[in-house]
Amino acid sequence: MALIESFVAEKDRALAEEFTARGYVIRPVDDRAALDQMRREVVGLVCEHLKIDRPGDPQDFLDHIERVVPVARLNDLRLAVYRAMNAKPWFRPTYFALARSVIEALVGNELAMQNKVNLSIQMPNDDSSLLDIHADVFGGETPYQVVMWLPLVDCHRTKSMFILPHDKTKAVTPRMSEVGDGGMAKLYAMVEKDLVWLDVPYGTALVFTPNCLHGNVLNRETATRWSMNCRFTGLFTPYTSPEKKIGSFYLPITTRAVSRIGMAYRPPGGFEE
C-alpha cells in the first residue's frame with residue numbers, strides 16, 4: 001500500500017492554487033438536471049407573474065425578456081421571482097448542491113450560507129442595475145467567504161461581470177487613498193486595464209472571493225443577463241459585521257455531529273474555581 005504524504009487531495013490542491021492566484025474559479029455545476037429544473041421553476045414564476053404561457057425555449061425566453069416586459073416593470077418582476085424562489089424549501093439546498101464540491105474544497109465542510117439567494121436581471125442598455133467596482137470587505141463583510149455566482153443564461157463580456165484578480169487587488173488596495181474625490185470612477189480607471197471579463201456559460205458556476213474588486217457595467221450585448229448569487233463562509237470563522245452575522249444574515253447548513261455535541265456540552269457543576 002502506498003503511503004500518503006499530503007493531507008489535501010491533489011484535485012483540491014490544484015483548485016486551491018488556481019483560486020488563490022486568480023481569486024475565482026469557474027466549473028461545471030455538480031448537478032445539471034437540478035439546474036435545468038431550477039431554471040424551469042424561475043421561468044414558470046416569470047410567466048405566472050406576467051400572466052403569459054410558458055415558452056418552448058427557456059434560454060431564449062430569458063435572454064429576450066424585453067419582448068414581454070418593459071424596463072419600468074422589471075424590478076417588480078425580479079422581486080416577485082426572488083421572493084417566491086426563496087420561499088421554497090428546496091431552493092437553498094439545491095443552489096448549494098450545484099457547486100458543493102467546489103465550495104467544500106475551498107471553504108470547508110462545516111458551512112454557513114446567506115439566508116437569501118439574490119437575483120439580478122440586467123437588460124441590454126438598462127442602467128438601473130449597475131454595480132460599481134467594489135470589494136465586499138470594504139463594507140464590513142467578513143473576508144472569510146466566497147460568493148457563488150450562477151448564470152441562468154450564457155454570460156460573457158458586458159453581459160457578465162468583471163473581477164480584478166487577487167494579486168492585482170492586493171497590489172492596488174494600499175493605493176486606495178489615491179482615489180480621493182474621484183470616487184469609484186477613478187478607482188475603475190486605475191485598474192481597468194487589468195480587469196478580467198468573465199465568460200460564465202449556462203451550466204457552470206463562478207465561485208470567487210469578494211475580497212477582490214469586482215462589479216458590472218452597462219450591458220451592451222443583445223440579450224438580458226439573469227444571474228443569482230449567494231455567500232458561503234465557514235461555520236466557525238469570524239463574523240466582522242454586527243448586521244451580517246451567524247443566525248441572521250448567515251444560517252448554518254452543514255453542522256457536523258461532533259460540533260453539535262461539542263456546542264451542547266456543559267461542564268459538570270462544582271468544578272469551576
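The values are calculated or read from the model by the stated rules, or taken from the named source; none is laboratory data. Everything numeric here is computed off the predicted structure, so don't read it as measured data. Every residue, glycine among them, receives a Cβ derived from its backbone with ideal geometry; neighbour counts consider all protein chains shown.
Details
- Given (1) outside any loop (DSSP other than H, G, I, E, B); (2) of a type in the set (Lys, Arg); (3) without any contact (Cβ under 8 Å) to a residue 40 or more places away in the chain, index of the condition residue 266 fails: (1)
- Residue match in segment 142-155 (condition: polar (S, T, N, Q), touching a residue at least 24 places away in the same chain (Cβ under 8 Å), closer than 30 Å to residue 8 by Cα and in a loop (DSSP other than H, G, I, E, B)): yes
- Of the residues making up segment 117-148, those that are within 30 Å of residue 235 (Cβ to Cβ) and among the aliphatic types (A, V, I, L, M) are 117, 119, 131, 135, 137, 146, 147, 148.
- Qualifying residue in segment 80-97 (condition: surrounded by fewer than 19 Cβ atoms within 10 Å (Cβ to Cβ), of a type in the set (Val, Ile, Thr), modelled with pLDDT of 95 or more and on the phi < 0 side of the Ramachandran plot): yes
- Verdict on residue 123 being touching an Asp or Glu at 6+ places or on another chain (Cβ under 6 Å), under 18 Å from residue 202 (Cα atoms) and touching a residue at least 12 places away in the same chain (Cβ under 8 Å): yes
- Checked against (1) free of Cβ contacts under 8 Å to residues at least 24 places away in the same chain; (2) farther than 25 Å from residue 97 by Cβ; (3) within 22 Å of the chain's Cα centre (by Cα), residue 21 passes all but a single condition, namely (1).
- Considering segment 1-99, the qualifying helices (runs of 4 or more DSSP H), each wholly inside and each with 2 or more residues that are of a type outside the set (Phe, Trp, Tyr), more than 30 Å from residue 168 (Cβ to Cβ) and in contact with a helix residue (DSSP H, G or I) (Cβ under 9 Å, 6 or more places away or on another chain), run over 32-50, 58-63, 74-86, 91-98.
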